[in-house]
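Notes for the one structure printed next.
No lab work stands behind these numbers, since they all come straight from the coordinates. Quantities reported herein were computed from a predicted structural model and do not represent experimental measurements. Here the Cβ positions follow ideal geometry from the backbone for every residue, glycine too, while neighbour counts run over all protein chains shown.
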Amino acid sequence: MSMIVSSLKNLLSKPDTVRYPFERTDIPSNNRGRVVWDMERCIWCRLCEKNCPTKAIVTDKAAKTQTITRVRCIQCRTCVDVCPTNTIAMEPVYSEPGPAREVHTYAVGMKKGEYTVGLMPLSERDETRLRKR
Amino acid sequence: MTDAITGLAMLIAVPLLIGLLLGIDRRLTARMQNRVGPPLLQPFYDLWKLFGKERRAVNQAQVSFAAASVLLQFTAFAVFATGGDLLVAFFVSGAGNLALALGAFSSRSAYGQLGGQRELLQVLAYEPVLFLVIFILGWQNGSFLSDAFGENLLYLLPLALIAMVPVVLITMQKSPFDIATAHQEIVSGVYVEYSGTYLGLLKLGHWFELAFVFGIITLFFSADDIVISLLGKSLIVLVFVFLAVLIDNSTARTTRGDMVFKTLAFGLGLTIINLVLLWIDVSGAIW
Amino acid sequence: MSAAEIDLRKKLERMSLKSPRPRLIDVIAADRRDGTYDLIYVFHHEGAIVDHRYVVNEDDDITSIADLYAGALCMEREIIDMYGLKFNGVTGGFLLDPSSPKNPLRQPRKEVAKDV
Amino acid sequence: MSRTSVIPFGPQHAAFLEPFHLKLQVEEEVVVGAEMSFGYNHRGMEYAMAQDFKRTQFLCERVCGICSFHHSSAYVQTMERLFGIEAPERAKLVRMIMMEAQRLTSHLLALGHIAETVGYENMFMQFFREREEVMTLVNRISGGRVHYSMNAIGGIRKDVTYEGLKDIGETMDRLEPRLLDLRSIVRKDRTLRKRLIGVGVLSKEAAFDWCTVGPTSRGSGLPHDIRLTGFDGYGVNGVKFRPIYYDEGDCYARTMVRMDEVIQSVDLIRQGINLMRDGPFLNAVKGNPPAADAYGRVEAPRGELMYWVRGKNEVQLDRIKLRTPALVNVPAVSAMIKGARVADVGPITVSVDPCICCTDR
């Protein structure tokens with residue numbers, strides 16, 4: 001086959017691309033995406049906090065919260081795998097890039113999928129700024 | 001009087017049509033590559049965006065050359081559209097290309113230098129062919145004035161029309177002959193040191209240049225009925241765009257020596273054969 | 001050139017003359033934490049790894065083997081950057097520039113701040 | 001007045017995907033001298049990776065995005081040697097399948113990239129269309145397009161299901177005829193051959209001298225391939241494998257090596273699926289790495305990738321050294337580039353598939 005034939009064949013066939021983001025792309029259901037907690041099930045074993053390779057998760061047993069620093073998460077699925085009670089799940093989405101230095105906090109009593117947005121601890125933000133310089 | 005009005009209408013309408021043609025070109029290219037491609041009006045959006053950007057130039061000379069390039073190309077097309085002399089239009093358009101090359105040289109950037117040099121080589125490659133085609137058109141027609149073309153020349157000069165293919169490839173900056181604007185080699189060469197409004201100006205100049213070259217192609221066909229005439233002219237142009245896109249999508253870029261040699265051999269060869277055949281049989285009976 | 005270095009050079013020359021000629025994989029340096037460094041020349045010879053290990057001092061003038069294997073040049077330059085060792089006739093500046101930290105892989109280094 | 005002018009290629013250049021700098025001495029579009037500089041992408045990986053051997057498992061995937069799985073396979077293989085254990089056969093075969101899948105993505109990227117540098121946009125798009133098929137496949141299997149995070153020291157973290165294997169097999173069936181089509185185009189296309197044949201010749205001797213590996217050396221007639229030494233699934237009985245090599249040593253030979261290896265990878269993936277048997281997939285390790293050292297090598301898409309690790313009975317490692325294939329392949333460009341035209345600098349550089357993430361680490 002030559003490229004001319006291939007070009008003409010492509011011209012007559014349906015395009016392979018989609019007009020993302022106006023159209024949906026198919027994301028596999030097991031795509032490693034955003035980490036979410038179902039706080040009703042958490043037994044405060046802190047395994048996710050201990051095993052997270054980037055230390056993105058902070059478990060606060062007293063305040064009954066799980067906090068994740070989104071920019072630190074590398075979506076390796078370790079926390080989901082170690083969780084003994086299936087508290088943690090991963091939503092199959094592609095993570096959006098962004099500069100936000102935010103932490104998301106999941107607390108007992110919140111509805112499923114709900115979280116509060118906070119700022120990264122000051123010490124860490126300073127550290128990042130120092131590193132930048 | 002009517003001539004002046006049609007000329008004026010052409011001056012406004014044709015650049016818009018060229019923009020649309022480039023949109024079709026991009027859409028076709030995308031479909032041949034199995035992509036959806038941009039909206040049809042993308043070239044206009046691009047131009048609009050460039051004109052909306054900050055004005056920054058490397059030096060003053062560069063700005064003057066950009067302005068000169070767009071003005072000369074516009075003049076060339078205006079001469080053509082208002083029924084002027086084709087030879088004048090040809091040389092003015094050539095001067096526009098020269099201004100583009102000089103603008104690239106003035107920036108003192110290594111890529112600009114290479115781009116400018118390659119632009120001159122392109123001029124060397126396609127202008128003799130274009131000149132000969134214009135000459136053969138004028139010779140056959142008996143006049144070099146663009147509004148004096150009323151006769152159908154297609155069956156007399158088919159080889160000269162085919163000789164225009166590499167010329168269109170070069171002016172449309174299509175592979176295998178997109179030497180001066182080679183993105184992956186010299187980072188779009190002549191355009192590399194331009195940005196924003198001035199880049200937009202150069203792009204507009206390129207539209208006028210295309211308008212002139214496609215104008216020459218439309219001279220090959222003419223009919224008594226104005227509708228058939230216009231349809232035939234647009235068809236030839238569309239066929240040329242389709243061919244250019246197809247060739248663009250099935251070849252790699254050649255090198256500069258190759259471009260000069262192939263364009264000259266192919267273009268000059270065909271036009272000269274056509275000329276010789278005409279000369280042997282002046283009555284046109286064998287056609 | 002000290003006796004150890006001459007030995008190194010000779011051994012590597014002999015190594016490079018073997019038939020089939022061994023392919024140089026890498027030149028590895030590692031800090032021994034007492035001012036001396038391991039210098040490991042790793043070859044691929046007849047389907048397996050063959051390595052030659054040397055201990056060099058910080059200020060030794062090590063002979064470059066870039067004339068035996070042109071590809072060794074970049075490996076040596078990297079060692080110069082990372083450990084500050086000296087190779088005859090080779091300059092650093094491969095990965096680091098003059099404003100970068102000096103010899104970043106030398107040990108013992110300051111304790112890395114534990115992540116919170 | 002000197003006739004030589006200096007043209008800076010990079011650190012940012014349209015033909016390069018990643019930052020590195022080529023200072024070309026040019027006489028009328030002919031290159032008479034070239035100087036290379038690196039380090040624009042240096043992240044201190046060897047330092048960072050020595051901090052915690054468990055976290056390194058995730059960090060080593062981030063050395064390079066195109067051969068991430070090869071990096072993690074090389075790392076876990078080295079650690080397995082260090083701990084003195086061996087991964088179960090099923091894990092080895094999964095690794096082999098995923099490594100070949102990643103070789104597909106990497107080679108198709110390299111092929112598309114080389115088509116792009118010679119101004120062949122359509123061919124670039126065709127290669128990337130097929131690549132996308134593999135990318136979505138590995139996304140379905142592992143959950144990530146680039147970082148598979150499937151490896152663990154002693155095996156793999158999660159088993160591939162029966163449906164997953166079937167999916168891989170079906171995708172390969174879909175892909176193969178299209179890849180064969182592309183190969184016949186690359187073989188025949190006149191303009192492409194014209195641009196690549198005889199350009200950037202690296203002789204067999206020079207290829208050896210510069211210690212080149214992978215398709216760069218196999219394009220110069222040196223048939224070495226680490227897959228022959230039988231690491232991971234390649235050592236399993238029944239996997240048939242023969243290295244592909246061409247003798248010419250020019251850009252076209254390197255391109256054809258990749259083109260043939262793409263077809264070969266499809267075949268190896270099928271062999272892997274056929275050999276797959278049920279069984280354990282992880283021999284977990286306990287404790288810290290002992291104070292010893294070990295080598296681990298895999299054949300990454302660009303060639304032999306070597307890890308050397310020395311432990312010290314702690315969570316930290318004493319030293320971890322990566323010898324990436326790009327570190328030896330990219331400097332060899334300076335041997336190919338003399339006497340080339342400016343127009344050929346792009347194809348020559350890209351034909352070794354320069355991975356600057358790997359070179360700089």
Query raised in the report: If you average the sequence gap of Cα pairs under 8 Å that are 6 or more apart and divide by the length of the stretch D:1-88, what percent do you get for the contact order?
Result: 15
Query raised in the report: Hey, what number do you get for chain D at 222 nm if only DSSP H runs of n ≥ 4 count, each worth -39500 (n - 2.57), divided across all residues, to the nearest 500?
Result: -15000 deg cm²/dmol
Report summary line: Highest GNM mean-square fluctuation among B:Phe212, B:Phe44, B:Phe74, for chain B with Cα springs under 10 Å, belongs to B:Phe44
Report task. Filter the GluC sites (Glu not before Pro) in the stretch D:258-330 to those in DSSP coil with at most 15 other Cβ atoms within 10 Å of their Cβ, and list the result. Result -> D:Glu314
Requested in this report: Just the isolated ones, please: cysteines in chain D lacking another cysteine beta carbon under 4.7 angstrom.
Outcome: D:Cys60, D:Cys67, D:Cys211, D:Cys251
Report summary line: Taking every residue of B:33-40, the Cβ atoms of other protein chains inside 10 Å of its Cβ average out to 6
Report task. Project the alpha carbons of the stretch D:41-323 onto their principal axes and report the range along each, largest first, in whole Å. Result -> 59, 45, 34
Report summary line: Whole-Å distance linking the alpha carbon centroid of the stretch B:172-236 with that of the stretch B:25-44 is 16
**Report entry** Cα→Cβ-extended label distance, 7 Å offset, between C:Thr36 and C:Arg106, nm
**Finding:** 1.8
Report summary line: Taking N as the residue count of the stretch D:209-343, its alpha carbon Rg divided by 2.2 N^0.38 Å gives 1.30
Report summary line: Taking Cα atoms, the helix B:42-51 axis meets the longest principal axis of chain B at an angle in degrees (rounded to 10) of 50
Query raised in the report: Using alpha-carbon positions, what is the distance between the centroids of the stretch D:1-57 and the stretch D:59-95, in Å?
Result: 28
Query raised in the report: Pick from D:Ala91, D:Ala48, D:Ala300: which is most flexible by mean-square fluctuation in a GNM of chain D where alpha carbon atoms under 10 Å apart are linked?
Result: D:Ala48
Requested in this report: Report the far tail of the P(r) of chain A, meaning the percent of Cα-Cα pairs longer than 25 Å.
Outcome: 41
Query - Rotationally averaged projected area of chain C (alpha carbon convex hull; nm²) - result: 9.0
Query raised in the report: If you average 1/r over all unlike Cα pairs in chain B and invert the result, what Kirkwood radius do you get in angstrom?
Result: 19.4
Report summary line: Relative to chain B, whose Cα atoms define the longest principal axis, helix B:196-218 and its Cα axis are tilted in degrees, nearest 10, by 10
Report summary line: So, relative contact order of chain B in percent, Cα under 8 Å, 6 or more apart, is 26
Query raised in the report: Just counting partner chain Cβ atoms within 10 Å, what average do the residues of peptide A:9-19 show around their Cβ?
Result: 6
Query raised in the report: What is the average number of partner chain Cβ atoms found within 10 Å of a Cβ in A:34-46?
Result: 0
Query - Hydrodynamic radius of the protein assembly as shown per Kirkwood, over alpha carbon pairs, in Å - result: 30.8
**Report entry** Once exposed loop GluC sites (Glu not before Pro) are cut out (DSSP; at most 11 other Cβ, 10 Å), longest piece of chain C
**Finding:** C:47-110
Report task. Add +1 for every Lys or Arg and -1 for every Asp or Glu among the other residues with Cβ under 14 Å from the Cβ of B:Val241, and state the total. Result -> +3
Query - Those aspartates and glutamates that a straight Cα-Cα span of less than 17 Å connects to A:Lys112, excepting residues fewer than 8 apart in one chain - result: A:Asp38, A:Glu40, A:Glu91
Report summary line: Rounded to the nearest 0.05, FRET efficiency between A:Lys112 and A:Lys55 (Cβ-Cβ, R0 25 Å) equals 0.45
Query raised in the report: Do any of A:Lys61/A:Lys111; C:Lys10/C:Lys86; D:Lys54/D:Lys321; D:Lys204/D:Lys321 go past 21 Å between their Cα atoms, and which?
Result: D:Lys204/D:Lys321
Report task. Round to the nearest 0.05 the FRET efficiency obtained for B:Val239 and B:Glu54 when R0 = 30 Å and r is the Cβ-Cβ distance. Result -> 0.15
Query raised in the report: Which residue, B:Val239, B:Val260, B:Val192, tops the fluctuation ranking in a GNM of chain B built on C-alpha contacts under 10 Å?
Result: B:Val239
Query raised in the report: Based on the Kirkwood radius over alpha-carbon pairs, what is the Stokes-Einstein translational diffusion coefficient of the stretch D:233-291 at 37 °C with 0.692 mPa s viscosity, in µm²/s?
Result: 222
Query - Computed FRET value (nearest 0.05) for A:Ala100 with B:Ser229, which takes r as the C-beta separation and R₀ as 56 Å - result: 0.35
**Report entry** Alpha-carbon centroids, the stretch B:101-152 and the stretch D:213-242: separation in whole Å
**Finding:** 55
Query raised in the report: How much mean residue ellipticity at 222 nm does chain C get from its helices, if each DSSP H run of length 4 or more adds -39500 (n - 2.57) and you divide by all residues, to the nearest 500 deg cm²/dmol?
Result: -7500 deg cm²/dmol
Report task. Would you mind checking the tilt of helix D:121-142 against the longest principal axis of the Cα atoms of chain D, expressed as 0 to 90 degrees and rounded to 10? Result -> 10
Query raised in the report: Relative contact order for chain D using alpha-carbon pairs under 8 Å, separation at least 6, rounded to a whole percent?
Result: 26
